[in-house]
Structure formats: C-alpha cells, structure tokens
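Take a look at the structure below.
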Amino acid sequence: MAGPAETDDVSAAAARVDDPRIAEVLARWWGFDTLRPLQAEALRAALAGRDSLVVLPTGGGKSLCYQLPPLVAETTDVVVSPLVALMKDQVDALEAIGYPAAAIHGGMTAEERQAVRDRIAAGELRLVFAAPERLVNTGLLDVLARVGVKRFAIDEAHCISQWGHDFRPEYRQLALLRERFPAASIHAFTATATPRVRADIARQLELRDPAVLVGTFDRPNLVYRVVPRTDRATQVVEVLGRHRGEASIVYCISRKETERLAERLAAAGLLARPYHAGLDARERHATQEAFARETIDVVVATVAFGMGIDRSDVRLVLHTALPKSLEAYQQETGRAGRDGLAAECVLLYSSADVFSWESLVRKSAEESELDAADREALVAAQLEHLHAMRRYAQAARCRHAALSEYFGQAYPAGACGACDVCLGETGSLADATVTAQKIISCVARVGERFGVRHVCEVLRGAATDGVRRHGHERLSTFGLLASLDQRSAENLVHQLLDQELLARTGGDRPVVTLNERSWEVLRGGREVVLLEPRAARAKATQADVDDWQGVDRDLFERLRRWRRRVAEARGKPAWTIFDDKSLRSIARDKPDSPAGLLRCRGIGEKRLADFGTAILDLVAGKEPPTDPA
Ligand code: ADP
Ligand code: ZN
C-alpha cells in the first residue's frame, strides 16, 4: 500500500500551494506538492512581472523560482549563469522531466548554436541559459528581442558586485538588459546575504522597486563539526568511514594535497579522485562526470570544485583546512544535503592555517596593482573575513547559532541538536592551565627562538637530532608532556596561539614567543581552557534517524544501483534521473500501482511514463531492464 504523499522539505515551513496554476505545473512536471519558504513570493513576483531580488542559501530552491514561471505563462525566459558546467547540469535535469530548455555557450559548434537560436525563434523553448558575455556580445539579444522576451533571471547575481566573494567583471555588462528590454522584468538570485552586496546588485542591475526576498540561512539538516586537526589523513579516513558508498567532497587548500590525499584514500579502498584547476580540462571533466554518475564517491578538491556540481545527495563536506571566510564556508558546506536529507560538515581546524592565510593575503596584496590605500583596505577586509572564520572554528558555541548570527539572523536558543557543541562531543582538556604553563615555560626555556615543532619535540621528550644539536634534551622542560603524541602537542600549542596566550613571528620560519598574557598564565593569574585534541565520537542526530524512518534500506540500495545503470546508459548525472529523497520516498511507501507511485515524492507525469514500470518491478522484487527509454 502506498502511504500518503510525503510533505517534503528542508525547513519545516513548507507551504501548500494556493495558486492552482502553480500547483498544477508543480505536480505535473516536478512531482512536488509544496513550496519551499519564499518560493511562492518569488513566483508571484515573476508572474506579475515585478523585479525581484531573491536571497536563499545554497539548496534553498532558487532554480524553481525561474524554471516554473515560463511554463505557467507559456513564455521563453532567459537565465544568466556564470559557468557552462552549471548550465549543462541544469539543462540535463530539466530534460529529465521533459522541460524544453537549452544552453547556448562557446563549447558548442556554430550549427548547434544556430539550432538553439532556431528553437528560440520558433518559440519552442521555455528557458534559455547563457553566460553574460555571450548574452550581450553575440547578437543573441536580437533573437530574444524578436520573440519578445519578458523575463530575465540572473543566477549567482553577487558576481556583479566587487564586495561579493566571487566578483566577475563580465556581469557588469548586464546593466544593458534594462536598456534593451525596458518592458521585461529582472530577477536576481544569490546566496550571498550581506546587505552591501544586496544593495549593489539592485543598483547595478537597475532593479525597479524589486520584491526583496531574503530567506533563512540556517540549514537544519546539516550537522556541523569542528575537529582539532592532528593527523589529517587519518582523520579524513575516519570521517569518510561514516559515509561509505555516499557522495563526499573533501576540500584541501593546495593542489598537491588533493593528489596526495586522494592517493591515500584510494589506497584505503575508497573510490576517490583529486580535482583542481591545475588538471587538464579532460581529466577534470572525467572526474566531474564520474562523480555525477556515481562511479566515484569522493572528490578531493580545491575550492575550484563545486560551482558546477549540482549533485543533491552529497552527504559529507569535509574541510581539511580553514576556509578564508564564513561566506566561503557557508557556500562550500551548502553543497551538502541539498536534497534536504541529513548531511555532515566537518572542519579540521588548526590555527596554523590562519597564519598561512594571513601571509597569503599580504603577499597577494603586495603583488596586486592597487595603490597603497586600496591595498591596505583590501588586506583589512580580507583579514576581517579570516578572523570571523577563525572565531567560528575556535569558539565552543552552537555552530548553527554562530553561522545564523553572522549572516544577520537570530537563531532560536536550544533548537540545534545538530552540531558538535550541542551534541556534547567537544571535550575540554582536564588540566588545561597546568598544561598551558608547561608549554609556555618550554617556549621560554628554548629562548623564544624555535618553531612549534621543535618546542613540541622538547615537551614530548623526543631526542631528535635538532633537539640534541641545541642541547635541549638537558632542559628542565624536556619530556614534561611525554604522554602526548607530536600532533596532539602541536595542536595544543596552536590553541594557545589562537587564544593569544602565545605569540608567533611572521616570515618563512616563524618562531613561537611569549607575550604579556603568557606571563599571566605562568604566574597563575589566568585560567586556561583547551579542547581535547582527540575528538570524541560523532553522535547520530535526530535528522539522520528521521530521514531513514520506515525506509526499506535494501530496496533503497537496489533503486540506487538501478539509477546508476540508467545514468550510465544515458550519459547523464544520476541525480537528474532521480534524487535520493525521491528514492527514499519510494523505498518507504513501496507503491504497487502507477497511482501509488504518483503519490511518491519527485514523480510527475514524465518520470511515471519513463520509469514507472521499472520502479514498480523493482519494488515487486524483479530486476527491470536497464533503460526503458
Ligand atoms: P539552489 O539553486 O537555491 O541552490 P536548487 O534550486 O538547486 O537550490 O534546489 C535544491 C533542491 O531542492 C533540488 O534538488 C530541488 O529539486 C529541490 N526543490 C526545490 N524546490 C522544491 C520544492 N518546492 N519541493 C521539493 N523539492 C524542491
Ligand atoms: Zn548547535
């Protein structure tokens, strides 16, 4: 028996649809029966031809806000998008539901582009995707003007602002749209929430009395953890162990690290590959495809990876180093759990990263062409972002609350249950003040002339060549922390640096030194709190339990395997065939008829026609042929 249609949503506030035209299209094409927060308002503005600025977090459901109106209004609308990969994925996903959409980009042959123009002229398309430079520089606007385009959606609209975190000068040319299409409405979409960027978008695009819709930034289905970094590779393997067979993204700062780590993971039996901007286009593409089709589970990447990734079932985003801002962190972790199911975000933190970023920020400013004043302002702005990130990582307070508040939104007290702090996983070191005193006095004993590693070797009583060369095995602090391993010891020193209970010089060979506060600690005038460098076990969250409630896991896995084969046969990303949430809905309801199947999440008429028989076979325990199409 099929159960009642599932009420789907990321946040509790999913709303029934009161406009029957929207409800009909939503059910028929997407198989959804509710709207996410602010989607109704955004759709209303779009259908009324009123400009809008929609600010929703990654995964908040922005695309639907521009995908649905042209179906209702039977128009051809335009979407401006910064990246070809992003457009292609969306077009694939739309084609999977029978939606007439096309992208027009430089990777196509002249004939292919002409074919799209012909389809525009014939009024066949509901959505046309283009990058800003192609849209304004190629005569495409003339074609669009002839069919009387009435709506433009500007995706990733923060790219237009130099205050945003991803400024793209070519976006500036979009100012021209207002002039060329005075009667059309313009709809800007972004996940960047700062008021300054918001105002800049509205100004640059010359929005007229826009409906400004700012969503909630909190992502309740994500569990956030910050873990002191001790042994990177071992910790990564351990976290990935919680996500066997699931999609995971592991972020590193350097290209070399991605390669080394991917190798380590592959050796540990994981289906992992590296991804960074230094690989050639073919290899990068192959990795993206493999990830999209679920032939690999883990991508070890620099931040170059992700903009083009729409896979909605990413269950883990793991940062092996500190991102340079909370904006970046929010965006990168936003790639987890876009289907609304529980997902995990882990940050391995060491304050060593803060120092690396600081010198990088200064170096790149020095190398820039800016004049002195601008350079100083740029450095100050970037350091401010960096230190906000550092404060987040260091503080032992609710991660959901900290993130929400950073983005200017209050977070209800006690509502979390989905971060390391609220789950009680972060332990504090029992004798922190004494340990801090031992470390600080060792720094003093070695004459404030050595780096973190050397200080820790002395503390641990490791008579290395370097230690012996300076006769430091004879110091009274030698071996004071003999029970610690090197990485845990280094982690504690970094925590002290973080709290400015120790200082450190700049340059290539930084040296740990004492400051005013170090002496206070030594004199016993200051209590110290340190986190246990070995993190406690991760606990299960309520969301995790709820998402699996009633799901036949075996059937779910069989559905996934079938989906992978279909994706392979069609050469399409697996999530465009079906997302995980829909498969779980089927594996929960186990429908035995087409009508029952239609009540499952994500099943509209097109999917029912394409896959109905195959899925009903699978539910009944039979193996269907790979691809009925
Ligand atoms: P964004 O562009 O804001 O990052 P997307 O538009 O990619 O987010 O949406 C994220 C996910 O949410 C997609 O898998 C999409 O199918 C799903 N989604 C969007 N709107 C709805 C809805 N009203 N009901 C159910 N799922 C939805
Ligand atoms: Zn919390």
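The values are calculated or read from the model by the stated rules, or taken from the named source; none is laboratory data. Being a predicted model, the structure only gives us computed values, none of them experimental. Counting neighbours? That spans all protein chains shown, and the Cβs are built from the backbone with ideal geometry, glycine included. Areas reflect the complete protein model, heavy atoms only, side chains present, ligands, DNA and RNA absent. Shrake-Rupley method; radii C 1.70, N 1.55, O 1.52, S 1.80 Å.
When the residues of the stretch 33-51 are narrowed to those that are surrounded by fewer than 21 Cβ atoms within 10 Å (Cβ to Cβ) and outside any helix (DSSP H, G or I), which ends up nearest to ligand 1 (Cβ to nearest atom)?
Thr34
Can you tell me which residue in the stretch 223-248 is least open to solvent (accessible area, probe 1.4 Å), limited to those that are in contact (Cβ under 8 Å) with a residue 60 or more places away in the chain and among the basic types (Lys, Arg)?
It comes out as Arg225.
Among the candidates Leu459, Leu386, Leu403, single out the residue that is in a helix (DSSP H, G or I) and either farther than 22 Å from Leu531 by Cα or at pLDDT 95 or above (or both).
Only one candidate passes the filter, namely Leu459.
Which residues, taken from the stretch 163-205, are open to solvent by 30 Å² or more (accessible area, probe 1.4 Å) and within 23 Å of Val379 (Cβ to Cβ)?
Those that are open to solvent by 30 Å² or more (accessible area, probe 1.4 Å) and within 23 Å of Val379 (Cβ to Cβ): Trp163, His165, Asp166, Phe167, Arg168, Pro169, Thr194, Pro195, Arg196.
Can you go through Val72, Val54 and tell me which one is in a strand (DSSP E or B) and either near ligand 1 (Cβ under 10 Å from one of its atoms) or touching a residue at least 12 places away in the same chain (Cβ under 8 Å) (or both)?
One residue alone meets the criteria, Val54.
Looking at the stretch 598-611, is at least one residue outside any helix (DSSP H, G or I), more than 16 Å from Ala292 (Cα to Cα), within 31 Å of the chain's Cα centre (by Cα) and of a type in the set (Lys, Arg)?
yes
Here is a list of conditions, (1) of a type in the set (D, E, K, R); (2) open to solvent by 60 Å² or more (accessible area, probe 1.4 Å); (3) modelled with pLDDT under 95, and Asp498 meets all of them except one; can you say which number that is?
Here Asp498 clears every test but (2).
Taking the residues in the stretch 20-32 that are in contact with an Asp or Glu (Cβ under 8 Å, 6 or more places away or on another chain) and within 10 Å of ligand 1 (Cβ to nearest atom) as candidates, determine which candidate is farthest from Thr75 (Cα to Cα).
Phe32
Kindly establish whether Arg390 is within 21 Å of Thr194 (Cα to Cα), touching a helix residue (DSSP H, G or I) at 6+ places or on another chain (Cβ under 8 Å), open to solvent by less than 30 Å² (accessible area, probe 1.4 Å) and charged (D, E, K, R).
When the stated conditions are applied, Arg390 does not pass them.
Quick one: in the stretch 323-366, which of the residues that are within 16 Å of ligand 2 (Cβ to nearest atom), over 13 Å from Arg390 (Cα atoms) and assigned to a helix (DSSP H, G or I) is modelled with the lowest pLDDT?
Ranking the qualifying residues of the stretch 323-366, first place goes to Gln330.
Looking at the stretch 535-550 only, could you name the residues that are assigned to a loop (DSSP other than H, G, I, E, B) and either crowded, with 17+ Cβ neighbours inside 10 Å or touching an Asp or Glu at 6+ places or on another chain (Cβ under 9 Å) (or both)?
Ala535, Ala536, Arg537, Ala538, Lys539, Thr541, Gly550
Based on what the data block shows, is Glu457 more than 16 Å from ligand 1 (Cβ to nearest atom) and touching a strand residue (DSSP E or B) at 6+ places or on another chain (Cβ under 9 Å)?
It is false that Glu457 is more than 16 Å from ligand 1 (Cβ to nearest atom) and touching a strand residue (DSSP E or B) at 6+ places or on another chain (Cβ under 9 Å).
Which of the residues belonging to the stretch 109-131 are under 27 Å from Asp610 (Cβ atoms), open to solvent by 30 Å² or more (accessible area, probe 1.4 Å) and part of a loop (DSSP other than H, G, I, E, B)?
Hits for the stretch 109-131 are Ala122, Gly123, Glu124, Arg126.
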